Amino acid sequence: MNKKIQLYIGLTSAFLLLPLVVQSDYYLHLIIISLMWVVIGSSWNLLAGYTGQVSFGHAIFFGTGAYTSGILWTKLSISPFWGMLCGGFTAMIIALFVGWICFRLKGPYFALATLAGGEIIRLVATNWESLTEGMVGILILQNFRSKLPYYYIILLIAGLCIFCIDRVMHSKWGYYFISIRENQDAAESIGINTSLYKNVSLQISAFFTGSAGAFYMNYMGFIDPEVVFSLHYISIMAILVGIVGGVATILGPAVGAFVMVGIQETFRSSFFGLGPKWISQAHALVFGLLVIFVIMFMANGIVGDWSKIKKLYDKIFLYFHNKEGKEPVDSLMDSR
């Protein structure tokens, strides 16, 4: 059994048993939200990190999934659990139109086109009141009083998302995605249908993002266009999760999700009530400083530059070890 399989088994076991340790609903809520961002960040990473198509419009798919679940329940009385499945497929349908329009563009023009698409669909959702209830939003009753069922549902979605992306990136499709990212013209010259495989990547990314949106509808019980189609709360946050955790790594977005949600909640709660209240307004500033730090010193993110972080830790440890007048670790090993 290789180290990768051992790591996955260990992480899966730890998360399955985590609710036995975390008894607080507050902390379980933070873990649930973090797992939701694992799905969104991993989905964005597939399209942007592996395929090279940087998206500023993933709120399109998140909001589509959320509204699909909400509308099916309020208009047709279809169970929200079916909505979680349908939300992913509805997001894929929307992704077909997004890809048809936006993949005609490259580089920053593609990113700007997805940003514009997100704002357009937010305005549509705001003004189409007969379907979406407009700014009033959609309210549904939650199916479970306990957070535990929601935890295992989003854990299942996150696990499936990471597993599928890992399998895809070790398949023929994965090599096509990376070739498109590295040089689209060269990929086309050797016979790769770049338009097709960019859309394949977008479809997979949209499905899981839409599923996360549908879960959010079920878990929170309320949505409106300003939340689920938000540029800064969804689209930008997805980018930050990927960058901080490590772009083009399987577990990078998962690490980034827990880091970003942890930092966000620490500052929003004023260090969990221990700090001054003005700190609660500083989380956006901290996000910006963190991204600048990552770009300058850890361009590949936490997971991508883990070896660099480990070496830095070893140097700091040896510095303080020697400062205390103790013999260096290396010399101790040699003397034995």
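Listing for the model above:
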read-out	value
Residue check, Ile223 buried (at least 22 other Cβ atoms within 10 Å of the Cβ) and either basic (Lys, Arg) or touching a residue at least 40 places away in the same chain (Cβ under 8 Å) (or both)	yes
Matching entry among Tyr216, Tyr176 (being assigned to a helix (DSSP H, G or I), at pLDDT 95 or above, more than 17 Å from the chain's Cα centre (by Cα) and surrounded by 20 or more Cβ atoms within 10 Å (Cβ to Cβ))	Tyr176
Unmet requirement for Arg122, which otherwise passes all of (1) over 18 Å from Cys86 (Cα atoms); (2) without any contact (Cβ under 8 Å) to a residue 60 or more places away in the chain	(2)
Condition broken by Ala248, with the remaining ones in (1) in a helix (DSSP H, G or I); (2) within 18 Å of the chain's Cα centre (by Cα); (3) among the hydrophobic types (A, V, I, L, M, F, W, C); (4) at pLDDT below 95 satisfied	(1)
Qualifying residue in segment 146-155 (condition: free of Cβ contacts under 8 Å to residues at least 24 places away in the same chain, among the hydrophobic types (A, V, I, L, M, F, W, C) and loosely packed, with under 15 Cβ neighbours inside 10 Å)	no
Matching residues in segment 252-290 - criterion: being within 17 Å of the chain's Cα centre (by Cα), more than 25 Å from Thr114 (Cβ to Cβ) and of a type outside the set (Gly, Ala, Ser)	Phe258, Ile263, Glu265
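Matching residues to (1) surrounded by fewer than 21 Cβ atoms within 10 Å (Cβ to Cβ); (2) modelled with pLDDT of 95 or more; (3) under 14 Å from the mean Cα position of the chain (by Cα); (4) not in a helix (DSSP H, G or I):
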site: Met36; (1), (2), (3), (4): no, yes, yes, no
site: Val39; (1), (2), (3), (4): no, yes, yes, no
site: Leu46; (1), (2), (3), (4): no, yes, yes, no
site: Ser55; (1), (2), (3), (4): no, no, yes, yes
site: Phe62; (1), (2), (3), (4): no, yes, yes, no
site: Gly70; (1), (2), (3), (4): no, no, no, no
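The values are calculated or read from the model by the stated rules, or taken from the named source; none is laboratory data. Values in this document were obtained by computation on a predicted structure and should not be read as measured data. Cβ sites come from the backbone with ideal geometry, for glycine too, and all protein chains shown count toward neighbours.
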